[in-house]
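The values are calculated or read from the model by the stated rules, or taken from the named source; none is laboratory data. These figures come from a predicted structure and were not determined experimentally. Here Cβ is always computed from backbone atoms with ideal geometry, including for glycine, and neighbour counts include all displayed protein chains.
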Amino acid sequence: MKIVIAGAGKVGVMLTKKLLAEGYEITLIDHTQQVLDACADRFDVIGVYGNCASMNTLLEADIKKTDLLIAVAGEDEINLLCCMTAHGINPNIHTIARIRNPEYADQLYQMRDTFALSLIVNPERQAAMEIERLLKYPGFLRRDTFAKGRVEIVELKVMENSVLCDAALSSLSDLIKCKILVCAVRRGSVVYAPDGNFVMEKGDHLYVTAASGELTKLLKNLGVITHKVKRVIICGGGKVGFYLAYRLSKTGTQVELIEQRRERCIELANYLPEVSVVNGDASNQMFLESEGIEQCDALVALTSFDEMNMIISLYAQSYQVEQVITKIDHTDNPTIQDILGLGSLVNPKELCCNQIVRYVRAMGNTSGAALAVHSFAEGQMEALEFRLDDEALHCGEPLRDLTLRKNVLIACITRHGRPVIPDGNASFEKDDTVVIVTRADIVLRQFNDIFA
């Protein structure tokens, strides 16, 4: 499949890396020659210099023979014009546009065909939805949902006083008294696919598959107190802060939104009448004290700068805020979360890339393609959800009799809306949805690829 990526920013580069690893042919367009040269040195791509919304530039990128255009340039309007122009040249092309401005949301939905858009992605809105879900379960660092919300893969950290510390996985069911599956463990920067003899240690990050109904029971049995978040402080009035404040305010949560730019505060106050918008510097410890950081249930650091978000989150941890969530755009160091204790990390660009990769895989495999794709464990592992059709192999056979590829795990089977964490006696049938966990460097284009 031939793919053109318009825009070689952080998302464009991340997508280039992921899609090249899966064997796609990539052409990269950018208006900065230096950026293109750096990408050409790093990746095996064709670089085209120019304005991606220009017909001449798109023709130079061979848009007539391209299967998919992904427009992730810096401006929404450029991305829209890029997709419309590409579709005018090649009516059969699929187009994906990153659109961030909330003001465009309704008209894009209503005029999707007019703009020739196959998919619209909004990293900031996705990040806000992810944070809202994390706020519902303070004990988890991350949550990914499958099977229409019935199954989840969650991340939790083994604390020093936890019942999990120094326990073997084989004893897990006796300790927590609920049905879960530990599908991966991250210790520092190393990720393990554990067996029953694996002994959990303080600081380990567990990636657990469970039916959604078991999560509350899991936290309760681990001694983690969960209660409804009533007061949240959001630091940063950018797009993620706006989306999150809006969503939380509709649930009755008391929200205080801190923003340093006075003009932006006025805008936010007009858009969010139910939110307390405060003009101030969230990186100032005395200011956070004056705003009652000790009385809040959760703090979310969403400024434009990773370093500032880290500082704010460290302040919150020092005040023992129960839940701290930190937006990070650069996650090159997978142990930074452990070293600094930043709470839950959310990366909008990674969420956006995962959504686009899922669409690309579905294009390549109209039959048997993954319904959902989530990467976790600092990008080293993937979880994929498949709905089984007539082509699925080994239906009705016990899992213990199947030979799977190395580092591939069947984590959950959902039948008629009921999720099951499988053992060796379980089997899957046509129309079931199955969650597969595998290493990120193993490409599963369809369900049958899991078998050896």
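Numbers at a glance
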| read-out | value |
| --- | --- |
| Test result for Ile442, surrounded by 12 or more Cβ atoms within 10 Å (Cβ to Cβ) and in a loop (DSSP other than H, G, I, E, B) | yes |
| Scope the stretch 93-115; condition free of Cβ contacts under 8 Å to residues at least 12 places away in the same chain, assigned to a loop (DSSP other than H, G, I, E, B) and not β-branched (Val, Ile, Thr); matching residues | Met111, Arg112, Asp113 |
| Which numbered condition Thr209 misses (of (1) part of a loop (DSSP other than H, G, I, E, B); (2) closer than 30 Å to Leu181 by Cβ; (3) among the hydroxyl-bearing types (Ser, Thr, Tyr)) | (1) |
| Pair list, Cβ under 6 Å, 6 or more apart: the stretch 287-299 residue farther than 21 Å from Ser344 by Cβ, other residue outside any helix (DSSP H, G or I) and among the acidic types (Asp, Glu) | Phe287/Asp281 |
| Residue match in the stretch 390-407 (condition: within 30 Å of Gly12 (Cβ to Cβ), surrounded by fewer than 21 Cβ atoms within 10 Å (Cβ to Cβ) and either among the polar types (S, T, N, Q) or not assigned by TED's automatic domain parsing to the domain that holds Ala147 (or both)) | yes |
| Of residues in the stretch 230-241 being assigned to a loop (DSSP other than H, G, I, E, B) and surrounded by fewer than 24 Cβ atoms within 10 Å (Cβ to Cβ), the one nearest to the chain's Cα centre (by Cα) | Gly238 |
| Ile436 being outside any loop (DSSP other than H, G, I, E, B), among the aliphatic types (A, V, I, L, M) and either under 15 Å from Cys183 (Cβ atoms) or over 22 Å from the mean Cα position of the chain (by Cα) (or both) | yes |
| Where a residue in the stretch 141-155 is farther than 19 Å from Ile410 by Cβ and its partner, wherever it lies, is basic (Lys, Arg) and not in a strand (DSSP E or B), with Cβ under 6 Å and at least six apart | Arg143/Arg133 |
| Residue that is surrounded by the fewest Cβ atoms within 10 Å (Cβ to Cβ) [pool: residues in the stretch 65-77 that are touching a strand residue (DSSP E or B) at 6+ places or on another chain (Cβ under 9 Å) and not in a loop (DSSP other than H, G, I, E, B)] | Lys65 |
| Residues satisfying the stated conditions in the stretch 115-156, i.e. hydroxyl-bearing (Ser, Thr, Tyr) and either buried (at least 23 other Cβ atoms within 10 Å of the Cβ) or within 21 Å of Thr209 (Cα to Cα) (or both) | Tyr137, Thr145 |
| In the stretch 97-114, residue surrounded by the most Cβ atoms within 10 Å (Cβ to Cβ) [restricted to those that are among the hydrophobic types (A, V, I, L, M, F, W, C) and modelled with pLDDT of 90 or more] | Ala97 |
| Members of the stretch 212-229 that are closer than 27 Å to Gln295 by Cα and in a helix (DSSP H, G or I) | Leu215, Thr216, Lys217, Leu218, Leu219, Lys220, Asn221 |
| Where Ala426 falls short, out of the listed (1) part of a loop (DSSP other than H, G, I, E, B); (2) out of contact with any Pro (no Cβ under 9 Å at 6 or more places or on another chain); (3) modelled with pLDDT of 90 or more | (2) |
| The stretch 180-195, subset in contact with a strand residue (DSSP E or B) (Cβ under 7 Å, 6 or more places away or on another chain) and part of a loop (DSSP other than H, G, I, E, B), residue farthest from Asn407 (Cα to Cα) | Pro194 |
| Strands (runs of 3 or more DSSP E) completely within the stretch 116-168 that count 2 or more residues being closer than 20 Å to Ala383 by Cβ | 142-146, 151-157 |
| Residue within the stretch 227-246 that is free of Cβ contacts under 8 Å to residues at least 40 places away in the same chain and of a type in the set (Gly, Ala, Ser) present | yes |
| Search result, residues across the stretch 156-181 that are hydroxyl-bearing (Ser, Thr, Tyr) and without any contact (Cβ under 8 Å) to a residue 12 or more places away in the chain | Ser171, Ser173 |
| Tally of residues being of a type in the set (Lys, Arg) and closer than 21 Å to Thr85 by Cα across the stretch 1-60 | 1 |
